[in-house]
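Below: the structure, in structure tokens.
Where a number appears in this text, it was derived from the coordinates with a stated rule and is not lab data. Because the structure is a prediction, the values reported are computed rather than measured. Using ideal geometry, Cβ is built from the backbone for each residue, glycine included, and neighbour counts are taken over all protein chains shown.
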Amino acid sequence: MMEPSDFFGYDFVADPYPGYAWLRKNSPVHQIQQPDGLCIWLLTRYEDVRAALGDPRLSKDPRNAADQLRGARVTGLVTPDGRVVVNNLLNSDAADHRRLKNVIGKAFQPRTVEFFRPWIQQFTDDLLGDLPGQDAVDLIARLAQPLPVLVMCRIMGMAPAEALAVTAWRDDVAYPSYIDVLPTAPDAAGEFFAYFVELLERKRACLKSGESKRPEEHGLVDELVAAHHRGTINDDELIGMVTALFIAGTESTTNFIGNAVLALLTHDEQRHFLRHNPEMTAHAVDELIRYDGPAEKATFRVATEDVCYSGTTIPRGSIVGLVLNSANRDEDVFPAADSLDLSRGSPAHVGFGHGPHFCLGAPLARLETQIVFRSVVDRFPDMRLAIPVEQLRWRIFGPHHGLHALPVVLGA
């Protein structure tokens, strides 16, 4: 266990957990500087992270740190005129957050999500059924990426063929990496924005004309357009919410499926346990997200006043990063925290957050991944990695934690 020397180098990104263990023990509130010059205070202990997730003194609104963020590489939707649109559920506080959440919240309640089970299972069966027999396949490209897109298309009322094409632009927008330079990112952001603007124009036209739609063509985008028509949300919130829903509802689940299947493939005894104990699938989802979740860090907070964690004062106006994956490996909370144990009975992880910004889509993510993990271990009990684990490549940027590809041999 050594002090991390480069938080943005590939070695740290590929395996950040020893570095986070050092921080929890020696510097649990630790200031770092991004390559773009932005300074961030990292919280790494479970107790601090969980408290900070519900701390009203830590704002999600980036306008509270306009000076600090100027020139920094922050993820946002870039409009053709160069504005960065950040008006969405993730970047709002208090009354604004409640107002935006009320527009879409019912769609993600557990009872509502359960109605999605049959067609999520069908999507999963179709994707797995298309995989070749003994050949090596990339499980990210063939399952983990398309499945959440198909699911979100159905929920949002989008055409799957269009949305699958948008996925490449989404990746460039979501991963403005410091290492994996993406020269197409500015163009991709423009294309991404243009697609959703055109989609909203189509939905507005349907609303005005009173044109009826098939059930699968009506979704959350239509609900947001109707809320905009009523004056509940403004122009920037409309485009911000639609794009944030698509990115958050697809990217995180893609990464989670990849990370979790990798964990199962590198822990044979746990994979066998899951196969023979289907009643433990829901517990397995929680343990897998605790062990190696797709959101390494929560989206940034801004300290609206001086705050103190683990004896360290963070000054007003500072950017604060809550390291969820470090908190979920905290040995003071989770016994044998670096071990994967699908039968674990433990305190609540923070992989889906905590407090007012607890992940709205958590019930959907749980359902999708329960179906995927159950289907994969039942259908392909002999699945194995097609390359050594050391050759897998991890994506590199800020809050996300996921694989570029997951080549596997399916077996019989």
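Let me know the shape class of segment 256-335, please: from the alpha-carbon gyration tensor, a ≥ b ≥ c as square roots of the eigenvalues, rounded when a/c is under 1.5, otherwise prolate if a/b is greater than b/c, or oblate.
Values: a/c = 3.70, a/b = 2.74, b/c = 1.35.
Judged from the Cα gyration tensor, segment 256-335 comes out prolate (a/c at least 1.5, a/b above b/c).
Just to check I understand the Karplus step: with θ = phi - 60° and J = 6.51 cos²θ - 1.76 cosθ + 1.60, what whole-Hz values come out for segment 281-287, glycine and proline as x?
Running phi through 6.51 cos²θ - 1.76 cosθ + 1.60 with θ = phi - 60° gives 4, 5, 4, 4, 4, 5, 5 Hz.
Lys/Arg Cβ at +1, Asp/Glu Cβ at -1, dipole of segment 278-346 taken about the Cα centre: which of Met280, Phe300, Val333 is farthest positive-ward?
The one lying farthest along the dipole's positive direction is Phe300.
What ranking do His272, His400, His267 get, fewest neighbouring Cβ atoms within 10 angstrom at the top?
Lowest count first: His272, His267, His400.
Amide H to amide H under 5 Å from Leu42: which residues, 5+ apart in sequence or cross-chain, H placed 1.01 Å off N in plane?
Amide H neighbours of Leu42: His30, Gln31, Ile32, Gly321.
Within 10 Å, Cβ to Cβ, of Arg275, how many net charges do the neighbouring residues add up to if Lys/Arg are +1 and Asp/Glu are -1?
+1
Between beta-carbons, use under 12 Å as the cut-off and find the net charge around Ile387, counting Lys and Arg +1, Asp and Glu -1.
Numbers: positive: Arg384, Arg393; negative: Asp138, Glu390.
Residues close to Ile387 contribute a combined charge of 0.
Summing -39500 (n - 2.57) over the DSSP H runs of n ≥ 4 in the chain and dividing by its residue number, what mean residue ellipticity at 222 nm do you reach, to the nearest 500 deg cm²/dmol?
It lands at -14500 deg cm²/dmol.
If packing is taken as the average number of other Cβ atoms within 10 Å across a peptide's residues, how do 103-115, 324-336 rank, most packed first?
324-336, 103-115
Based on the mean of other beta carbon atoms within 10 Å per residue, what is the order of 126-133, 303-310, most packed first?
Details: 126-133: 12.8, 303-310: 15.5.
For the peptides 126-133, 303-310, the packing ranking is 303-310, 126-133.
Which net charge results when you count Lys and Arg as +1 and Asp and Glu as -1 among the other residues whose beta-carbon is under 15 Å from that of Thr124? Don't skip to the end; give the middle numbers.
Working: positive: Arg117, Arg142, Arg154, Arg366, Arg374, Arg379; negative: Asp125, Asp126, Asp130, Glu368, Asp378.
Net local charge, Thr124 excluded: +1.
So what's the gap between the Cα centers of segment 97-123 and segment 226-251, to the nearest angstrom?
So the separation of the two Cα centres works out to 16 Å.
If amide H atoms are built 1.01 Å from N in the plane of the peptide, which residues on other chains or at least 5 residues away come under 5 Å of the amide H of Leu406?
Leu139, Ile140, Ala141
Note the full-extension length gain between Lys101 and Ala336 as 0.36 nm times their separation in residues minus their Cα-Cα distance, in nm to one decimal.
Result: 80.9 nm gained on full extension.
Could you tally up the Lys pairs in the chain with alpha carbons closer than 29 Å? Skip any pair fewer than 8 positions apart unless they're on separate chains.
14
With the Cα gyration tensor of segment 197-328 giving a ≥ b ≥ c as the square roots of its eigenvalues, does the rule (a/c under 1.5 for rounded; else a/b larger than b/c for prolate; else oblate) give rounded, prolate or oblate? Each step should come with its number before you reach the end.
Values: a/c = 3.54, a/b = 1.29, b/c = 2.76.
Verdict is oblate for segment 197-328.
Of the listed peptides 368-374, 32-38, what is their order by residue-averaged count of other C-beta atoms within 10 Å, with the highest listed first?
Going by the mean number of other Cβ atoms within 10 Å, highest first, we get 368-374, 32-38.
Which value, to two decimals, describes the C-alpha radius of gyration of the chain once divided by 2.2 N^0.38 Å?
Scaled against compact globular proteins, the figure is 0.96.
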